Amino acid sequence: MSTLGTNPKKKRVETHYMEEARRASSVFPRGELVPQEKPDFLLHTEGGTIGIEITELCREEPRAEAGRLSKVPDKAKAIYNRMPNAQTVDVSAVFSVQAKSARFNDLTTSLAEFVYRNRKNRGSSVTRTRDLPNGYCYVAIHEPLRRKYPTGHWHAMRAFDVVLAPKELLESRIEEKNQRLPEYRLSTPRMWLLIVNDRFLGPGEVYARPEHLAEWKFAFDFEKVLLFSREPSGGGEVIELRRT
């Protein structure tokens, strides 16, 4: 299961989520928040120290696939730039359903070659043509916005769906973290779990409905398990889950 983790970039994301959750709810007492590992944070309050572990609520396979595809545009741009007489362009692309089964090298090389063949057709969108490489349903080539991207900007996206979060997904996330509680409690005996349900996550996104959360009960040994239903603006609602 995915856990926001140990590298600096992920720790910044964790801190961002934690700060937003504290602004969204008074359930978190005032105090100094100290980032660490195992658990992710220690919250030093007048009443003692609370350990807080953070995890995301999402579907793992679409998130992993999105991570793989996110690397395609930069790699394709690098291949294109090595071609003779390559001209600076901006490129927008949309992956098709075939991208899931396509090899990474095929996606990058075919996009670079397609843009190279059509580099003089700037300002045009190429859709639903036989010429489109496998794994793409749309490619557009534009004049570069040199002030912002002097060497050209290549990006690609993929359509995604949002599904309602089943209780089993929450149960598995809680159980995974619950098994690690003895390790977390080496830092502090009081432990909370914060589950982030990002409403603007992209591929792999799920939505935990408040009315479902009000009915469901879960088995856990944390002092509190909280779900942060995070809105695109960064606001949202923190809901305390009930224990069986």
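The values are calculated or read from the model by the stated rules, or taken from the named source; none is laboratory data. Because the structure is a prediction, the values reported are computed rather than measured. Cβ sites come from the backbone with ideal geometry, for glycine too, and all protein chains shown count toward neighbours.
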Hits in the range 175-231 - residues which are of a type in the set (A, V, I, L, M, F, W, C) and more than 21 Å from HIS16 (Cα to Cα): LEU181, LEU186, LEU213, ALA214, TRP216, PHE218, ALA219, PHE220, PHE222
Mind checking which residues of the range 210-236 are charged (D, E, K, R) and assigned to a loop (DSSP other than H, G, I, E, B)? ASP221, GLU223, GLU231
Taking the range 68-91 and keeping residues under 12 Å from ALA156 (Cβ atoms) and out of contact with any Pro (no Cβ under 9 Å at 6 or more places or on another chain) leaves ARG68, SER70, LYS71, VAL72, PRO73, ASP74, LYS75, ALA76, LYS77
Looking only at the range 232-243, count every residue that is closer than 17 Å to GLU19 by Cβ and either of a type in the set (A, V, I, L, M, F, W, C) or outside the structural domain of LEU193 (by TED's automatic domain parsing) (or both) and tell me the total. 1
Qualifying residues in the range 80-113 (those that are assigned to a helix (DSSP H, G or I) and small (Gly, Ala, Ser)) - the one surrounded by the fewest Cβ atoms within 10 Å (Cβ to Cβ): SER110
Sole residue being of a type outside the set (Gly, Ala, Ser), more than 30 Å from PHE114 (Cβ to Cβ) and either at pLDDT below 90 or under 20 Å from the mean Cα position of the chain (by Cα) (or both), chosen from LEU57, LEU69: LEU57
Among the residues of the range 81-102, write down those that are within 18 Å of TYR138 (Cα to Cα) and either without any contact (Cβ under 8 Å) to a residue 12 or more places away in the chain or of a type in the set (Phe, Trp, Tyr) (or both). PHE95, VAL97, SER101
